[in-house]
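Input: a single structure, listed below in structure tokens.
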Amino acid sequence: MMVSAASCLLLIAALSAATSSDAFVPAKAQLSGSDRTCSTTARSMSSDASVSTAEVIGKGRIGSLFAGEGATYVGRDDPINPEGNGPILVATRNDALDGIVEKCPANRRKDLVFMQNGYLDNFLESKGLMDNTQVLLYLSVPSLGVDAVDGITSVNPEGLTAATGIHAEDFAKRLAALNLKCNVVTPEQYRPAMFEKLIWISTYMLVGTAKECKSVGEAGAEHGELVEKVVNELLAAVSAKEGITFAAGSMARLAAYTDVVADFPCGVKEFEWRNRYFYNLGDAACPTHNALLRECKEKGFIGFDLP
């Protein structure tokens, strides 16, 4: 299914509501018992799928999905209820996160649920929030108030969205009520999935920008060899740095997702949260990636200075 994203497709970080634990494959892991992936399939929000009261920060396309039954908006400058105990869904841009965390009562910070794209580890670690609930969202919301479209691909027909942490089950139920799928996964399963999404957005956007492509679909179709070279380069770099083993098929999974969002426009954005992770690994680890960034800078395609 081809979903047009030119009109505002929003990508977010995440993995899927699989119909079985074996469908979740970004890392090679043999889990059993309580460690296996717990899948939540689409269903109405009823007594057996009850959710706790949530607060939603951010009134954009993603935040608007969760407003309504069991959730209320909280403005960025509004106080968060210190007596609450449900999830606080943070649906803002990355650059707003610091202020949100600082304004959150200390006893409620554990309830913050982060749904942003990019590499959040350094930020979360600096705030003591590495154990917080995180979500990789693979879905699109073409415009405010429109039903979301699940990131279902030919390789992952079970969908691609994942959550981990204390509010992961609750979040999956919220998506299920919207007929969207979500895998509740362990932190060990989440990390390689997060890096795969980071590699996708860092590669296709970069190659497309450097080669003056209008969309990620064009980048994949016209520069497939270069895309695959960068993807494999970054997979190897992450494996060496983080000790993560990715399951076979990463390139196929990312290419299939690109088919779904083929019209999404290219642009190197939020460098601090995306490509900088790889750039900082150095030219020895990421030579092609880093050279493409410099090419973009030389051509005037990026407005920020490289470190």
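Quick check on my filter: what residues within the range 276-295 are buried (at least 21 other Cβ atoms within 10 Å of the Cβ) and closer than 18 Å to Gly220 by Cα?
Result: His289, Leu292, Leu293.
Quick check: is even one residue across the range 69-87 outside any loop (DSSP other than H, G, I, E, B), under 23 Å from Trp273 (Cβ atoms) and touching a residue at least 40 places away in the same chain (Cβ under 8 Å)?
no
Ala193 - would you say it is closer than 16 Å to Asn232 by Cα and within 15 Å of the chain's Cα centre (by Cα)?
For Ala193, the condition - closer than 16 Å to Asn232 by Cα and within 15 Å of the chain's Cα centre (by Cα) - is met.
Listed here are the residues, each with its yes/no results for (1) crowded, with 22+ Cβ neighbours inside 10 Å; (2) modelled with pLDDT of 95 or more; (3) of a type in the set (A, V, I, L, M).
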| position | (1), (2), (3) |
| --- | --- |
| Glu212 | no, yes, no |
| Glu218 | no, yes, no |
| Val231 | yes, yes, yes |
| Ala236 | no, yes, yes |
| Asp263 | no, no, no |
| Glu272 | no, yes, no |
| Glu298 | no, yes, no |
| Asp305 | no, yes, no |
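Taking the range 283-304, which residues are touching a helix residue (DSSP H, G or I) at 6+ places or on another chain (Cβ under 8 Å) and assigned to a loop (DSSP other than H, G, I, E, B)?
Passing the criteria: Asp283, Ala285, Cys286, Lys299, Phe301, Ile302, Phe304.
Being free of Cβ contacts under 8 Å to residues at least 40 places away in the same chain and in contact with a Leu (Cβ under 8 Å, 6 or more places away or on another chain) is the filter here; which residues of the range 124-181 pass it?
Result: Leu129, Met130, Asn132, Asp147, Asp150.
Please indicate, with yes or no, whether at least one residue in the range 243-255 is part of a helix (DSSP H, G or I), in the same structural domain as Leu281 (by TED's automatic domain parsing), farther than 27 Å from Gly282 by Cβ and of a type outside the set (A, V, I, L, M).
No, that holds for no residue.
Tell me which residues, restricted to the range 94-122, are in contact (Cβ under 8 Å) with a residue 40 or more places away in the chain and assigned to a loop (DSSP other than H, G, I, E, B).
Met115, Gln116, Asn117, Gly118, Tyr119, Leu120
A quick yes/no check of all residues on (1) polar (S, T, N, Q); (2) more than 27 Å from Arg191 (Cβ to Cβ); (3) at pLDDT 95 or above:
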{"site": "Ser47", "(1), (2), (3)": "yes, yes, no"}
{"site": "Gly58", "(1), (2), (3)": "no, no, no"}
{"site": "Leu65", "(1), (2), (3)": "no, no, no"}
{"site": "Ile80", "(1), (2), (3)": "no, yes, no"}
{"site": "Leu112", "(1), (2), (3)": "no, no, yes"}
{"site": "Asp121", "(1), (2), (3)": "no, no, yes"}
{"site": "Asp131", "(1), (2), (3)": "no, no, yes"}
{"site": "Tyr138", "(1), (2), (3)": "no, no, no"}
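In this structure, is Arg191 modelled with pLDDT under 95 and farther than 17 Å from Asp263 by Cβ?
Criteria not met by Arg191.
Based on this model, can you work out whether Ala255 counts as at negative phi and over 18 Å from the mean Cα position of the chain (by Cα)?
So Ala255 does not fit the description; no.
Does the range 203-218 hold any residues that are part of a helix (DSSP H, G or I) and either in contact with a strand residue (DSSP E or B) (Cβ under 8 Å, 6 or more places away or on another chain) or not β-branched (Val, Ile, Thr) (or both), and which are they?
The answer is Tyr204, Met205, Leu206, Gly208, Ala210, Gly217, Glu218.
Tally time: how many residues in the range 126-164 are small (Gly, Ala, Ser) and surrounded by fewer than 23 Cβ atoms within 10 Å (Cβ to Cβ)?
Here the count works out to 6.
The values are calculated or read from the model by the stated rules, or taken from the named source; none is laboratory data. A quick note: this is a predicted structure, and the numbers were derived from the prediction, not measured. Please note: Cβ atoms are built from the backbone with ideal geometry, for glycine as well, and neighbour counts cover all protein chains shown.
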